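Working notes, beginning with the structure itself.
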Amino acid sequence: MLEVTALGSRYGRIPALAGVSLSVAEGELVALVGANGAGKTTLLKVLSGIQPVHRGTIRFDGRDIGDKHARQRVQMGIVQVPEGRQVFAPMTVQENLELGAFARGSQESIARVFELFPALQEKRGELAGNLSGGQQQMLAIGRALMGQPRLLLLDEPSMGLAPKLVAEIFARVAALKAEGTTILLVDQNARAALSIADRGYVMETGRIVLDGTAVDLLHDPQVQHAYMGL
């Protein structure tokens, strides 16, 4: 579904990505792990059309989308859950979800979101800014699901959450994968991300330095030492 080849991007004169190549097949959950500042978020921004491509190609369903704007990519089915959740705090849970359906989804999608995250249905009339961190993360994912994504880009869903909530969020992500949603998951929590993934990539200073099946990466001494504290 997604094929990235020799992708480069920069902030002004500062390179952020240097020859990144990766792929995501339909129905896969692929994890991208690495330390803070490795370029993971930048890569997702390039894929979603927020950050420009400097060189290389992005192909979605075999079509080069490097020149497509973010809105066009959403309409094609590429939807991102941003780092830090970024919910619309002064709006209700219901209103946040409705905004998620603006470009592509439908109101029928909300039943699926409430089934996946029952807590959101209970809070549907409350302001998003009053939710807990875990509930806001659920809302950010739910808002993205309202756009009926064909490829879901998840950026650091475990950030700032207690271990119990991290486990709950990742269980929901695994459930989405089981339903057939194609997912590219970025997270510094390598153990949690790889434990639910099919394959994985390790990123350092804007480059892919290691890739393989999630099981192989979980047991790779280099990954264990650098990202799992073993």
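No lab work stands behind these numbers, since they all come straight from the coordinates. Everything numeric here is computed off the predicted structure, so don't read it as measured data. We place every Cβ from the backbone using ideal geometry, glycine too, and count neighbours over all the protein chains shown.
Across region 123-194, the volume of the C-alpha convex hull divided among the residues equals 94 Å³ per residue.
A Gaussian network model of the chain, with springs between Cα atoms under 10 Å, assigns the largest mean-square fluctuation among ILE58, ILE50, ILE110 to ILE50.
Can you classify region 93-230 as rounded, prolate or oblate using the Cα gyration tensor, where a ≥ b ≥ c are the square roots of its eigenvalues, rounded means a/c under 1.5, and otherwise it's prolate if a/b beats b/c and oblate if not? Verdict is prolate for region 93-230. Shape summary of region 40-170, radius of gyration then Dmax from alpha carbon positions: 15.0, 46 Å. When TYR11, TYR227 are sorted by how many other C-beta atoms sit within 10 angstrom of their C-beta, beginning with the fewest, the order is TYR11, TYR227. For region 103-143, the spread of Cα positions along the three principal axes, ordered from largest to smallest, is 27, 20, 16 Å. For trypsin sites (Lys or Arg not before Pro), the sites in region 1-107 that DSSP calls loop and that have at most 13 other Cβ atoms within 10 Å are ARG13. For the pair ASN36 and ALA70 in one chain, pulling the backbone fully straight at 0.36 nm per residue adds 9.8 nm over the alpha carbon distance.
Beta bridges from DSSP with both residues in the chain: antiparallel share about 55 percent, rounded to the nearest 5.
A cut-off of 5 Å between modelled amide H atoms, ignoring neighbours fewer than 5 places along the same chain, links GLU156 with VAL186, ASP187.
Taking GluC sites (Glu not before Pro) across region 75-172, the ones in a DSSP loop with at most 10 further Cβ atoms lying within 10 angstrom of their Cβ are GLU108.
With one equal scatterer per alpha carbon and no solvent term, the Debye-computed log10 I(q)/I(0) for the chain at 0.12 1/Å reads -0.63.
Pairs of C-alpha atoms in region 1-66 farther apart than 19 Å represent 27 percent of all such pairs.
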